[in-house]
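The structure appears below as structure tokens.
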Amino acid sequence: MKTVGKVILWTFAVIGVLLLLLIFILANSLPSKPKVKIHDNTYLELSLGGLHYDHNEYKDIFFIREAMSIGDMCRKIDAAMQDERIKGIIIKPGMYMGGWGLTKELHDKLIEFKESGKDLFAYIDFTYDKGYYLASTANKTYFNPSSTAGIVLSGIGIELSYYEGLLDKIGIDVTVLHAGKYKGTGEMFDRKTMSPELREDLTRIVDGLYDVYVSDLQINRGLDNDNIKAIFENRDEYFLSGDKALEYGLVDHLVDEQDFEAEVVKDNPTVKFSQYEPHKRKFVYDKIAVLYAQGGITFAEAGVFEGNYRKITKEKTINLLNRIEKMKSVKGLVLRVDSGGGSAIISDIILDKLEELNKKIPIVISMGNVAASGGYWISCLADYIFAQPSTITGSIGVVSMIPNWQQLREWANVNTFQIKRGKYANFFSLNYAPSEQDLAALKKDMNGIYLEFKDLVARGRNLPLTDVEEVAQGKIWTGVQALENGLIDELGGMDNAIAKAAELAEIDDYSVLVFPEKKTLMDILLNREISISAVTLLKLYGMTNRNTLTDNISRTLELIRDVQGEPVQLRLPYNLEIQ
């Protein structure tokens, strides 16, 4: 039997080695991207489509093909401004998707490119609000005259579903506790209707985002209030066709794509944005590190297919901060936060490490789409904080969610027996609803965390505790509102944050190091980062089915998994989608 066991083990070992060799051969045999020669008077074609994140940690790997990140696009636009070979950029917005904060960052970078004196044109076949918002930055905007083409400008909206009625029917209960009157996270599981406090909060957010959106459109296209009202509130059409778009002043010319190329591009060469490789910059010793912290803050350490690159975890984040700390050439850090929060303890561990690092180098926060709850916790003690006008931040409060299926278990005639020693043994069992004694203990812990959160904000933002309480309570704010309330220092994007870090570090000549570095297939294999779960399978399916029931189920399962491990959370309403 021992011999048979050894043979089986050796067989599996050999198969594993062969599989690794096969993957290695495949990875190295795949054709690399051809290097494209950039000629004088070249136009870069920026085609936007799909979901664009702030930073892509992994290079294209087999079937994983991510849209170009906002960070990569902005860095290439910066390079194109200085590149004498580049004549201009042609934006083709398509079915662009991205958060409003990051979209604002790309919008402002395109405006900067245009103001540098280079050409910026847009050609539209079909697009929605955010895609048109980016196209509106162009010197001239061209639109397909076909009746099948369209621009859909809906405005800004938030949609939240409430599940208590469904959960009651199937015998599942979620106990939700809040420290902070406006901390609406989780209420969709223990209410059938939106609370007045959360409605007030979200209405303020929608109004703030809409104001920024409309104001930028007015400036970009020279529209007045009557134009805007006609477009967003009074029009009869859902899809704006060519004549209407022209009438409303949204576009400049109606031409098909061939005529656009003949009229605008002419004989000048065009290169896809993804193929553009800027000139290498000269070596500069002094560096500003940029560390992207994006996604939920969680205990879970997972592989590439688990979406680990869009999670803020202890191991990954601390390891990166330790590396940055050891690099003598790094004189300052910009922490780019794009997170609605999550684990309270992981947030605090990361903040402790940032405090330690801050004794050696200045730290500046750059907020992306969202830096709220745990995302604000890790930001609040930095030397300086930037946010976009459309960033969502704040949510200074604490939530606890304790799911149980006691009613369903009893209905299904499932008998569960417990043998325990210790007052809180089996505290978080899914089989039983928590007792009043359990909830009282949990509330005490939550109030302690909430007080610590407010103390951190008061210390980091140099505010009296009474003022902090006014802006805390779980309230969420746009970047503009956060500036008014003292939660950030200035409105601005990544460039502003990097410049401020260099100023605080007292250096003039520097280069930028971006973390995490992009990983290849071999990096993934060597670090054993491949893993997959049922939740991930749902998420992978949901990649092509966003905003579907499958997507909502996968997120709900992930939330339940997280709160089972740590019921006290610093997080926004988990499925807050702002369209």
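The values are calculated or read from the model by the stated rules, or taken from the named source; none is laboratory data. Bear in mind the structure is a predicted one, so any value in this text is a computation, not a measurement. Don't worry about glycine lacking a Cβ; one is built from the backbone with ideal geometry, like all the others, and counts go over all protein chains shown.
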Under the condition of being within 11 Å of residue 55 (Cα to Cα) and outside any helix (DSSP H, G or I), which residue from the range 66-88 is modelled with the highest pLDDT? 69
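Table: residues versus (1) at pLDDT below 95; (2) under 29 Å from the mean Cα position of the chain (by Cα); (3) within 21 Å of residue 131 (Cα to Cα).
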{"residue": "228", "(1), (2), (3)": "yes, yes, yes"}
{"residue": "232", "(1), (2), (3)": "yes, yes, yes"}
{"residue": "239", "(1), (2), (3)": "yes, yes, yes"}
{"residue": "244", "(1), (2), (3)": "yes, no, yes"}
{"residue": "250", "(1), (2), (3)": "no, yes, yes"}
{"residue": "264", "(1), (2), (3)": "yes, no, yes"}
{"residue": "267", "(1), (2), (3)": "yes, no, no"}
{"residue": "274", "(1), (2), (3)": "yes, yes, yes"}
{"residue": "284", "(1), (2), (3)": "yes, no, no"}
For the range 316-346, which residues satisfy the criterion of being crowded, with 20+ Cβ neighbours inside 10 Å and farther than 14 Å from residue 293 by Cβ? 330, 331, 332, 344
Which number in (1) within 18 Å of residue 496 (Cα to Cα); (2) crowded, with 18+ Cβ neighbours inside 10 Å; (3) in contact (Cβ under 8 Å) with a residue 40 or more places away in the chain marks the one condition that residue 79 misses? (2)
I'd like to check something: does the range 343-361 contain any residue that is modelled with pLDDT under 95, within 24 Å of residue 172 (Cα to Cα) and part of a helix (DSSP H, G or I)? no
Looking for something over 30 Å from residue 110 (Cα atoms) and buried (at least 24 other Cβ atoms within 10 Å of the Cβ) - is there at least one such residue anywhere in the range 347-364? yes
Residues that are more than 26 Å from the chain's Cα centre (by Cα) and at pLDDT 65 or above: does the range 22-35 have at least one? yes
Counting only residues that are modelled with pLDDT of 95 or more and surrounded by fewer than 24 Cβ atoms within 10 Å (Cβ to Cβ), the range 381-415 contains a total of 4
Residue identified as crowded, with 16+ Cβ neighbours inside 10 Å and either farther than 25 Å from residue 109 by Cβ or not assigned by TED's automatic domain parsing to the domain that holds residue 126 (or both) among 180, 165, 222, 171: 180
Give the residues of the range 96-145 that are in a loop (DSSP other than H, G, I, E, B) and within 24 Å of the chain's Cα centre (by Cα), sorted by residue number. 98, 99, 128, 136, 137
Residue pairs within 7 Å by beta carbon, gap of at least six or interchain, first lying in the range 249-264 and touching a residue at least 12 places away in the same chain (Cβ under 8 Å), second part of a helix (DSSP H, G or I) and buried (at least 16 other Cβ atoms within 10 Å of the Cβ), listed first then second, are 249/221; 249/227; 250/221; 251/245; 254/242; 254/246
Residues that are at pLDDT below 95, of a type in the set (Gly, Ala, Ser) and crowded, with 20+ Cβ neighbours inside 10 Å, drawn from the range 115-160: 150
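When you scan the range 115-132, how many residues do you find that are among the small types (Gly, Ala, Ser) and touching a residue at least 60 places away in the same chain (Cβ under 8 Å)?
1
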Residue count for the range 411-446, restricted to those that are outside any loop (DSSP other than H, G, I, E, B), in contact (Cβ under 8 Å) with a residue 60 or more places away in the chain and under 35 Å from the mean Cα position of the chain (by Cα): 5
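Tell me, please, whether a residue that is over 18 Å from residue 393 (Cβ atoms), of a type in the set (Asp, Glu) and not in a loop (DSSP other than H, G, I, E, B) can be found in the range 454-475.
yes
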Hey, could you check the range 501-518 for residues that are farther than 15 Å from residue 281 by Cβ and not in a helix (DSSP H, G or I) and say which is modelled with the lowest pLDDT? 518
Starting from residues that are hydroxyl-bearing (Ser, Thr, Tyr) and assigned to a strand (DSSP E or B), keep the ones in the range 369-410 and report whichever is nearest to residue 339 (Cα to Cα). 393
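Quick check on the range 212-226. Is at least one of its residues in contact (Cβ under 8 Å) with a residue 60 or more places away in the chain, within 30 Å of residue 454 (Cα to Cα) and under 28 Å from the mean Cα position of the chain (by Cα)?
Here is the first cut: in the range 212-226, the ones in contact (Cβ under 8 Å) with a residue 60 or more places away in the chain are 212-213, 216-217, 220-221.
Narrowing the set further to residues that are within 30 Å of residue 454 (Cα to Cα) leaves 212.
If we keep only those that are under 28 Å from the mean Cα position of the chain (by Cα) too, we end up with 212.
Yes, the range 212-226 contains at least one residue that is in contact (Cβ under 8 Å) with a residue 60 or more places away in the chain, within 30 Å of residue 454 (Cα to Cα) and under 28 Å from the mean Cα position of the chain (by Cα).
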Expected output for the range 347-375 (first residue in the same structural domain as residue 487 (by TED's automatic domain parsing) and on the phi > 0 side of the Ramachandran plot, partner part of a strand (DSSP E or B) and buried (at least 24 other Cβ atoms within 10 Å of the Cβ), Cβ below 6 Å, 6+ apart or cross-chain) is 373/341; 373/570; 373/571
Scope the range 93-106; condition surrounded by fewer than 23 Cβ atoms within 10 Å (Cβ to Cβ) and not hydrophobic (A, V, I, L, M, F, W, C); matching residues: 94
List the helices (runs of 4 or more DSSP H) inside the range 207-309, counting only whole elements, that have at least 1 residues being touching a strand residue (DSSP E or B) at 6+ places or on another chain (Cβ under 8 Å). 242-247, 257-260
Run down 488, 507, 476 and say which single residue is β-branched (Val, Ile, Thr) and surrounded by fewer than 19 Cβ atoms within 10 Å (Cβ to Cβ). 507
